[in-house]
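We did not get these values from a lab; they are worked out from the coordinates using the rules stated. Keep in mind that this is a model prediction, so the values were computed, not measured. Neighbour counts are summed over all protein chains in view; Cβ atoms, including those assigned to glycine, are modelled from backbone coordinates with ideal geometry.
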Amino acid sequence: MLPFIRPILAALTLSAAPLVSAAPVNAPSPYAALAATEARVAAIGFRLTTANAAWCPMQQPQFGWIWGDPRLYDADRRAEALAAYDADDAGHAFLAAVAPGSPAATAGLRVGDRVAAIDLAPVPDGQGDHPFARITAIEAMLAARPADMPIALHVDAGRLVRLSPLPGCASDFRVEPNDKPGAVADGRLVLVNQGLADFAADDAELAAAIAHEIAHNILRHRARLDAAGVDRGLGKQFGRSARLFRQTEVEADRLSVWLLAGAGYDPGAAARFWSKFGQRKGRPLFQAGTHPGWRDRVAALEAEAATIAAAVAAGQPLQPPLVDAPPPLE
Ligand SMILES: [Zn+2]
């Protein structure tokens, strides 16, 4: 965990603790790197969710933004953090990223815009005092609206901005300032570690990793694994729990390749990314229970890309597997 923002996962478990850190003099601001990654993730997430909306049983409005909040940063580094977004500490939630070509961008919204009210109501404040409470409340409120319902934001000094979202697959996106190449999907959110974005060779590879996480959400893996009573503790690596986790990983891999194709990314980027990921230095040695071996993953991803290429060559419409009726987890 890079020590410059309160950790998201800790915040989700209500145990966020303020972190103290001291940056070397004249070092580039870590917040600028974080903001740049948020911009990439917002753009890729917007493209994947909106281009593939027709395949998603659960949709939500997609505006093309990622939210920020001054409360995410410890007081002693808050000004430096907000400068990376051209925002200031007036206390309002602000836009931390705006995807190019998205409804937010087209409406003239920019990174750093402070939002005081949504449809004349104050921005929801969220329950509790953990740093992400307000952003979680905003995301939940927006996700519950009809997927194409127009919205009006009161931005900065009384500016009123109206925009209409695009229907998209139901997921919101955040970037965690963690240098480990990882990501996680909790059913609603896709959390991307900064280390994962840095590990990906290009946006298509990063899109492959994000598409895998979106696929977990589309296929409701978290809820279905919980309903199946899997062991998320030590027993995760063994027996039935391990087998069911492995099934969800195989399903997410398969669907991810179609999500790439549906959004105009190179479907071959999935095999490229997971091949490098499987061979990376410092990878955990004991994931054998819950994840297929990386060679098997790459072979399956290549087979899926070949199926898509054959459908395209034959002029057939793309029809992804699993989305209509994923096999039961049992
Ligand atoms: Zn996964």
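The modelled label-to-label distance between A299 and A157, using points 7 Å beyond Cα along the C-beta direction, is 6.5 nm.
For the chain, list the DSSP H helices whose alpha carbon atoms reach 20 Å or more along the long axis and whose average Kyte-Doolittle value is -1.0 or above? Membrane-span-like by this rule: 30-51, 203-218, 239-262, 294-313. Here the stretch 255-282 and the stretch 131-185 have alpha carbon centers that stand 26 Å from each other.
Computing FRET efficiency as 1/(1 + (r/R0)^6) for A311 and M58, where r is the C-beta to C-beta distance and R0 is 22 Å, gives about 0.35.
Rounded if a/c is under 1.5, else prolate if a/b is larger than b/c, else oblate: which is the stretch 113-152, with a ≥ b ≥ c the root eigenvalues of its Cα gyration tensor? Because a/c hits 1.5 or more and a/b fails to exceed b/c, the stretch 113-152 counts as oblate. The calculated FRET efficiency for the pair A75 and D202, based on their C-beta separation and a Förster distance of 30 Å, comes to about 0.20. Rounded, prolate or oblate: which fits the stretch 271-330, taking a ≥ b ≥ c as square roots of the Cα gyration tensor eigenvalues, rounded meaning a/c under 1.5, else prolate when a/b beats b/c? Oblate is the answer for the stretch 271-330, as a/c is 1.5 or above yet b/c matches or exceeds a/b. Modelled label positions at E330 and D231, each set 7 Å beyond Cα in the direction of Cβ, lie 2.2 nm from each other.
Listing E80, E330, E249 from fewest to most neighbouring C-beta atoms within 10 Å gives E330, E80, E249.
A228: net charge of surrounding residues, Cβ under 14 Å, Lys/Arg +1, Asp/Glu -1, itself excluded? Summing Lys/Arg as +1 and Asp/Glu as -1 gives +4. With charges only on Cβ, +1 for K and R and -1 for D and E, what is the dipole size of the chain about its Cα centre, in debye, rounded to 20? So the magnitude is around 660 debye. Plainly put, the stretch 74-181 has a radius of gyration that is 0.95 times its Kirkwood radius, both from alpha-carbon atoms, as the Rg/Rh ratio.
Between Q194, A99, V115, the Cα set farthest toward the positive side of the dipole of the stretch 74-194 (charges on each charged residue's Cβ, about the Cα centre) is that of A99. Contact order, relative form, for the chain: 16 percent (alpha carbon pairs under 8 Å, 6 or more residues apart, mean separation divided by residue count). Segment S164..K281, full-extension length gain: 37.7 nm, with 0.36 nm per residue of separation and the alpha-carbon distance subtracted.
Label separation (Q319 vs R188): 3.4 nm, computed from points 7 Å beyond Cα along the C-beta direction.
Charge tally around G289: other residues with Cβ under 10 Å, Lys/Arg +1 each, Asp/Glu -1 each, net +3. Computed FRET efficiency, Cβ-Cβ of R110 and D148, R0 25 Å: what is it to the nearest 0.05? Approximately 0.60, to the nearest 0.05.
When each of the peptides 181-187, 214-220 is scored by the mean number of other C-beta atoms lying within 10 Å of its residues, the order from highest to lowest reads 214-220, 181-187.
Computed from point charges on the beta carbon alone (+1 for Lys and Arg, -1 for Asp and Glu), the dipole magnitude for the stretch 92-159 about its Cα centre is near 140 Debye. Placing +1 on the Cβ of every Lys and Arg and -1 on the Cβ of every Asp and Glu, with nothing else charged, gives the stretch 200-313 a dipole about its Cα centre of roughly 560 debye. When peptides 146-153, 63-70 are ranked by their average number of other Cβ atoms within 10 Å per residue, the highest-first order is 63-70, 146-153.
Shown here: the stretch 200-313, whose C-alpha atoms stretch 43, 32, 21 Å along the first, second and third principal axes, sorted largest to smallest.
Since only Y265, T248, A157 are under comparison, the one whose Cα sits farthest along the positive direction of the charge dipole of the chain, derived from C-beta charges on Lys, Arg, Asp and Glu, is T248.
When the alpha carbon coordinates of the chain are projected onto the principal axes, the ranges are 53, 43, 38 Å, largest first.
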